[in-house]
Amino acid sequence: MIAKTRAMSKFTRRDFLKSMGWGAVAATGSFAYGDLGSRAVEIVERDLSLPRWTADGFRIAVMADPHMDTPQATARTQSALLDVIERKPDVIAWVGDFLTSAAPQNLENVRQTLFLQNDHSIPSIGILGNHDYWAGYLPLVLRALTGSRMRLLRNESLEVGGVHIAGVDDALMKKHRPDLVKGDKNLIALLHEPDFVKDLRAGPSLLLAGHSHGGQICLPGGISVHTPRGARKYIAGFYEDGPIPVYVSRGIGTTGPDWRLFCPPEATILTLRGS
(Lines give C-alpha, C1' and ligand atoms only; values in the text may rest on other atoms or scores of the structure.)
Protein backbone atom coordinates (compact mmCIF):
# COMPACT_ATOMS: atom_id res chain seq x y z
CA MET A 1 0.00 0.00 0.00
CA ILE A 2 2.87 2.34 0.85
CA ALA A 3 4.61 1.60 -2.48
CA LYS A 4 1.39 2.24 -4.35
CA THR A 5 0.88 5.57 -2.57
CA ARG A 6 4.41 6.65 -3.42
CA ALA A 7 3.88 5.77 -7.06
CA MET A 8 0.64 7.73 -7.15
CA SER A 9 2.40 10.67 -5.46
CA LYS A 10 5.19 10.59 -8.04
CA PHE A 11 2.70 10.45 -10.88
CA THR A 12 0.71 13.30 -9.40
CA ARG A 13 3.76 15.58 -9.21
CA ARG A 14 4.69 14.78 -12.81
CA ASP A 15 1.13 15.29 -13.92
CA PHE A 16 0.97 18.56 -12.01
CA LEU A 17 4.13 19.86 -13.68
CA LYS A 18 2.85 18.79 -17.08
CA SER A 19 -0.48 20.52 -16.52
CA MET A 20 1.34 23.65 -15.37
CA GLY A 21 3.31 23.60 -18.60
CA TRP A 22 0.18 23.29 -20.72
CA GLY A 23 -1.47 25.99 -18.61
CA ALA A 24 1.40 28.36 -19.30
CA VAL A 25 1.14 27.64 -23.03
CA ALA A 26 -2.63 28.25 -22.96
CA ALA A 27 -2.23 31.46 -20.98
CA THR A 28 0.46 32.73 -23.34
CA GLY A 29 -1.65 31.84 -26.35
CA SER A 30 -4.71 33.56 -24.89
CA PHE A 31 -2.72 36.68 -24.13
CA ALA A 32 -1.27 36.77 -27.63
CA TYR A 33 -4.72 36.24 -29.14
CA GLY A 34 -6.17 38.92 -26.90
CA ASP A 35 -3.42 41.36 -27.80
CA LEU A 36 -3.97 40.74 -31.50
CA GLY A 37 -7.70 41.08 -30.93
CA SER A 38 -7.24 44.64 -29.70
CA ARG A 39 -5.46 45.71 -32.89
CA ALA A 40 -7.56 44.64 -35.85
CA VAL A 41 -10.70 46.78 -36.08
CA GLU A 42 -13.58 44.99 -37.77
CA ILE A 43 -15.64 47.19 -40.09
CA VAL A 44 -19.14 45.89 -39.45
CA GLU A 45 -21.71 46.67 -42.16
CA ARG A 46 -25.33 45.82 -41.43
CA ASP A 47 -28.81 46.59 -42.70
CA LEU A 48 -31.33 47.34 -39.95
CA SER A 49 -35.12 47.35 -40.36
CA LEU A 50 -36.64 50.04 -38.19
CA PRO A 51 -40.09 51.21 -37.16
CA ARG A 52 -41.13 54.75 -38.01
CA TRP A 53 -38.50 54.93 -40.74
CA THR A 54 -38.98 56.22 -44.29
CA ALA A 55 -35.43 57.43 -45.16
CA ASP A 56 -34.64 54.12 -46.85
CA GLY A 57 -30.96 53.50 -47.46
CA PHE A 58 -29.62 56.16 -45.07
CA ARG A 59 -26.15 55.08 -43.92
CA ILE A 60 -24.72 56.07 -40.56
CA ALA A 61 -21.24 55.17 -39.31
CA VAL A 62 -20.77 54.54 -35.59
CA MET A 63 -17.43 55.23 -33.91
CA ALA A 64 -17.51 54.32 -30.22
CA ASP A 65 -15.08 54.38 -27.30
CA PRO A 66 -11.76 55.13 -29.03
CA HIS A 67 -10.00 55.96 -25.71
CA MET A 68 -7.11 57.66 -27.52
CA ASP A 69 -4.66 57.64 -24.61
CA THR A 70 -1.84 55.74 -26.33
CA PRO A 71 -0.17 55.79 -29.74
CA GLN A 72 -1.60 52.33 -30.40
CA ALA A 73 -5.18 53.35 -29.64
CA THR A 74 -4.81 56.52 -31.69
CA ALA A 75 -3.40 54.68 -34.70
CA ARG A 76 -6.17 52.08 -34.44
CA THR A 77 -8.82 54.81 -34.38
CA GLN A 78 -7.32 56.74 -37.26
CA SER A 79 -7.06 53.63 -39.41
CA ALA A 80 -10.69 52.71 -38.69
CA LEU A 81 -11.84 56.26 -39.40
CA LEU A 82 -10.10 56.31 -42.78
CA ASP A 83 -11.68 52.94 -43.63
CA VAL A 84 -15.09 54.34 -42.73
CA ILE A 85 -14.55 57.52 -44.76
CA GLU A 86 -13.68 55.41 -47.82
CA ARG A 87 -17.11 53.79 -47.59
CA LYS A 88 -18.82 57.22 -47.78
CA PRO A 89 -21.63 56.99 -45.19
CA ASP A 90 -24.15 59.81 -44.99
CA VAL A 91 -22.94 60.77 -41.52
CA ILE A 92 -20.32 59.72 -38.96
CA ALA A 93 -21.52 59.51 -35.36
CA TRP A 94 -19.05 59.37 -32.46
CA VAL A 95 -20.81 58.03 -29.35
CA GLY A 96 -18.40 59.05 -26.60
CA ASP A 97 -15.31 58.16 -24.57
CA PHE A 98 -12.77 59.84 -26.80
CA LEU A 99 -10.13 59.58 -24.07
CA THR A 100 -9.61 58.42 -20.51
CA SER A 101 -7.18 61.07 -19.29
CA ALA A 102 -6.94 64.73 -20.33
CA ALA A 103 -3.14 64.63 -20.52
CA PRO A 104 -1.80 67.06 -23.15
CA GLN A 105 -0.72 64.29 -25.55
CA ASN A 106 -4.11 62.59 -25.30
CA LEU A 107 -5.87 65.84 -26.15
CA GLU A 108 -3.56 66.19 -29.14
CA ASN A 109 -4.36 62.61 -30.19
CA VAL A 110 -8.06 63.50 -30.24
CA ARG A 111 -7.48 66.72 -32.18
CA GLN A 112 -5.32 65.08 -34.82
CA THR A 113 -7.77 62.22 -35.30
CA LEU A 114 -10.82 64.42 -35.67
CA PHE A 115 -8.92 66.69 -38.08
CA LEU A 116 -8.78 63.75 -40.50
CA GLN A 117 -12.44 64.44 -41.21
CA ASN A 118 -11.81 68.05 -42.27
CA ASP A 119 -10.75 67.12 -45.80
CA HIS A 120 -14.00 65.26 -46.45
CA SER A 121 -17.58 66.42 -46.87
CA ILE A 122 -19.18 63.73 -44.70
CA PRO A 123 -21.02 65.35 -41.77
CA SER A 124 -19.65 64.34 -38.38
CA ILE A 125 -21.39 64.54 -35.02
CA GLY A 126 -20.51 63.38 -31.54
CA ILE A 127 -21.58 63.09 -27.91
CA LEU A 128 -19.72 62.84 -24.62
CA GLY A 129 -19.20 59.65 -22.62
CA ASN A 130 -18.55 59.18 -18.94
CA HIS A 131 -14.77 58.97 -19.39
CA ASP A 132 -14.74 62.30 -21.21
CA TYR A 133 -16.04 63.80 -17.98
CA TRP A 134 -13.90 61.66 -15.69
CA ALA A 135 -10.77 62.61 -17.68
CA GLY A 136 -10.67 65.94 -15.82
CA TYR A 137 -10.23 69.46 -17.20
CA LEU A 138 -13.50 69.32 -19.14
CA PRO A 139 -12.93 72.71 -20.83
CA LEU A 140 -9.73 71.33 -22.40
CA VAL A 141 -11.55 68.18 -23.51
CA LEU A 142 -14.30 70.27 -25.09
CA ARG A 143 -11.74 72.43 -26.86
CA ALA A 144 -10.09 69.34 -28.35
CA LEU A 145 -13.44 67.95 -29.49
CA THR A 146 -14.77 71.16 -31.03
CA GLY A 147 -11.61 72.18 -32.90
CA SER A 148 -12.58 70.13 -35.95
CA ARG A 149 -15.69 70.05 -38.12
CA MET A 150 -17.28 67.44 -35.86
CA ARG A 151 -20.39 68.91 -34.26
CA LEU A 152 -20.61 68.04 -30.56
CA LEU A 153 -24.23 67.60 -29.44
CA ARG A 154 -25.08 68.07 -25.76
CA ASN A 155 -28.82 67.50 -25.47
CA GLU A 156 -29.24 68.97 -28.95
CA SER A 157 -30.39 67.72 -32.32
CA LEU A 158 -29.75 68.46 -35.96
CA GLU A 159 -30.94 67.27 -39.35
CA VAL A 160 -28.80 65.41 -41.86
CA GLY A 161 -30.35 64.43 -45.19
CA GLY A 162 -33.89 64.48 -43.83
CA VAL A 163 -32.93 62.45 -40.75
CA HIS A 164 -33.09 63.99 -37.28
CA ILE A 165 -30.25 63.03 -34.95
CA ALA A 166 -30.52 63.80 -31.24
CA GLY A 167 -27.31 63.78 -29.21
CA VAL A 168 -28.02 63.07 -25.54
CA ASP A 169 -25.42 64.06 -22.97
CA ASP A 170 -23.95 61.50 -20.58
CA ALA A 171 -26.40 59.63 -18.36
CA LEU A 172 -23.98 58.33 -15.71
CA MET A 173 -23.01 61.94 -15.08
CA LYS A 174 -26.70 62.84 -14.88
CA LYS A 175 -26.28 65.30 -17.74
CA HIS A 176 -28.79 63.65 -20.06
CA ARG A 177 -32.09 65.29 -20.99
CA PRO A 178 -34.15 62.49 -22.54
CA ASP A 179 -37.22 64.74 -22.49
CA LEU A 180 -35.66 66.79 -25.28
CA VAL A 181 -35.62 63.83 -27.68
CA LYS A 182 -38.78 64.39 -29.68
CA GLY A 183 -40.06 63.15 -33.00
CA ASP A 184 -42.20 60.43 -34.50
CA LYS A 185 -40.20 59.22 -37.54
CA ASN A 186 -36.69 59.20 -39.00
CA LEU A 187 -35.21 60.05 -35.60
CA ILE A 188 -31.92 58.59 -34.30
CA ALA A 189 -30.82 59.14 -30.71
CA LEU A 190 -27.19 58.95 -29.60
CA LEU A 191 -26.60 58.06 -25.94
CA HIS A 192 -23.34 56.67 -24.60
CA GLU A 193 -24.79 54.18 -22.07
CA PRO A 194 -27.40 51.97 -23.77
CA ASP A 195 -29.30 50.84 -20.66
CA PHE A 196 -30.61 54.38 -20.24
CA VAL A 197 -32.76 53.86 -23.31
CA LYS A 198 -35.44 53.24 -20.66
CA ASP A 199 -35.51 56.99 -20.02
CA LEU A 200 -36.42 57.85 -23.61
CA ARG A 201 -39.95 58.21 -24.84
CA ALA A 202 -40.94 55.81 -27.61
CA GLY A 203 -40.28 58.14 -30.53
CA PRO A 204 -36.81 57.49 -31.93
CA SER A 205 -36.49 54.80 -34.56
CA LEU A 206 -33.07 53.80 -33.20
CA LEU A 207 -30.70 54.40 -30.30
CA LEU A 208 -26.96 54.18 -31.00
CA ALA A 209 -24.64 53.55 -28.05
CA GLY A 210 -21.27 52.21 -26.95
CA HIS A 211 -19.81 52.09 -23.41
CA SER A 212 -19.78 48.29 -23.04
CA HIS A 213 -16.75 47.52 -25.25
CA GLY A 214 -18.80 44.38 -25.93
CA GLY A 215 -17.36 43.10 -22.66
CA GLN A 216 -13.75 43.56 -23.93
CA ILE A 217 -12.67 40.31 -22.21
CA CYS A 218 -15.09 37.60 -23.29
CA LEU A 219 -15.51 33.86 -23.35
CA PRO A 220 -15.45 32.08 -26.72
CA GLY A 221 -18.43 33.16 -28.76
CA GLY A 222 -18.21 36.72 -27.47
CA ILE A 223 -19.96 35.96 -24.18
CA SER A 224 -19.12 38.88 -21.91
CA VAL A 225 -17.67 38.27 -18.47
CA HIS A 226 -18.33 41.79 -17.16
CA THR A 227 -19.77 45.03 -18.47
CA PRO A 228 -19.97 48.42 -16.73
CA ARG A 229 -23.04 49.98 -15.18
CA GLY A 230 -25.17 51.39 -17.95
CA ALA A 231 -24.43 48.48 -20.32
CA ARG A 232 -25.59 45.36 -18.51
CA LYS A 233 -28.80 44.73 -20.43
CA TYR A 234 -27.63 45.90 -23.84
CA ILE A 235 -24.07 44.72 -24.44
CA ALA A 236 -23.31 44.33 -28.16
CA GLY A 237 -25.15 44.26 -31.45
CA PHE A 238 -28.75 44.95 -32.43
CA TYR A 239 -31.68 44.69 -30.03
CA GLU A 240 -34.89 45.17 -31.97
CA ASP A 241 -37.59 44.02 -29.57
CA GLY A 242 -37.83 46.94 -27.14
CA PRO A 243 -39.98 50.03 -27.55
CA ILE A 244 -36.90 51.64 -29.11
CA PRO A 245 -34.47 49.46 -31.10
CA VAL A 246 -30.89 49.70 -29.81
CA TYR A 247 -27.57 49.12 -31.55
CA VAL A 248 -24.53 48.84 -29.25
CA SER A 249 -21.07 48.99 -30.79
CA ARG A 250 -18.23 46.96 -29.29
CA GLY A 251 -16.16 50.08 -29.80
CA ILE A 252 -12.63 50.70 -30.99
CA GLY A 253 -10.59 51.19 -27.83
CA THR A 254 -10.02 49.59 -24.47
CA THR A 255 -9.77 50.55 -20.81
CA GLY A 256 -7.18 49.03 -18.51
CA PRO A 257 -4.77 46.82 -20.47
CA ASP A 258 -4.92 47.38 -24.23
CA TRP A 259 -6.23 43.87 -24.63
CA ARG A 260 -9.36 42.15 -25.90
CA LEU A 261 -10.32 38.51 -25.87
CA PHE A 262 -12.95 37.00 -28.20
CA CYS A 263 -14.31 40.53 -28.69
CA PRO A 264 -12.60 42.36 -31.57
CA PRO A 265 -12.88 46.15 -31.82
CA GLU A 266 -15.55 47.44 -34.15
CA ALA A 267 -16.39 50.42 -36.32
CA THR A 268 -19.85 50.18 -37.81
CA ILE A 269 -21.78 51.32 -40.87
CA LEU A 270 -25.52 50.78 -40.60
CA THR A 271 -27.86 51.02 -43.57
CA LEU A 272 -31.31 51.89 -42.24
CA ARG A 273 -34.53 50.68 -43.82
CA GLY A 274 -38.18 50.75 -42.92
CA SER A 275 -39.65 47.66 -41.32
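The values are calculated or read from the model by the stated rules, or taken from the named source; none is laboratory data. Because the structure is a prediction, the values reported are computed rather than measured. With ideal geometry, Cβ positions are generated from the backbone for all residues, glycine too; neighbour counts draw on all protein chains shown.
Before moving on, here are some points about what is shown:
- Filtered by the rule that a residue be among the polar types (S, T, N, Q) and more than 12 Å from Ser212 (Cβ to Cβ), segment 255-268 gives a lone residue, Thr268.
- Qualifying residue in segment 185-200 (condition: among the charged types (D, E, K, R), in the same structural domain as Ser49 (by TED's automatic domain parsing) and in contact with a helix residue (DSSP H, G or I) (Cβ under 8 Å, 6 or more places away or on another chain)): yes
- Scan of segment 233-260 for residues that are in contact (Cβ under 8 Å) with a residue 60 or more places away in the chain and more than 15 Å from the chain's Cα centre (by Cα), ordered by number: Glu240, Pro245
Here's the yes/no breakdown for (1) under 12 Å from Val95 (Cβ atoms); (2) surrounded by 15 or more Cβ atoms within 10 Å (Cβ to Cβ):
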| site | (1), (2) |
| --- | --- |
| Phe115 | no, no |
| Leu138 | no, no |
| Arg151 | no, yes |
| Glu159 | no, no |
| Val168 | yes, yes |
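- Test: residue in segment 230-241 that is surrounded by 15 or more Cβ atoms within 10 Å (Cβ to Cβ), out of contact with any strand residue (DSSP E or B) (no Cβ under 9 Å at 6 or more places or on another chain) and among the hydroxyl-bearing types (Ser, Thr, Tyr): no
- Some residue of segment 208-225 being in contact (Cβ under 8 Å) with a residue 40 or more places away in the chain, aliphatic (A, V, I, L, M) and assigned to a loop (DSSP other than H, G, I, E, B): no
- Among the residues making up segment 167-203, those that are within 20 Å of Leu270 (Cα to Cα) and touching an Asp or Glu at 6+ places or on another chain (Cβ under 8 Å) are Gly167, His192, Glu193, Gly203.
- Residue in segment 209-228 that is over 25 Å from Gln72 (Cβ atoms) and among the hydrophobic types (A, V, I, L, M, F, W, C) present: yes
- Some residue of segment 233-249 being assigned to a strand (DSSP E or B) and either among the β-branched types (Val, Ile, Thr) or under 19 Å from Thr70 (Cβ atoms) (or both): yes
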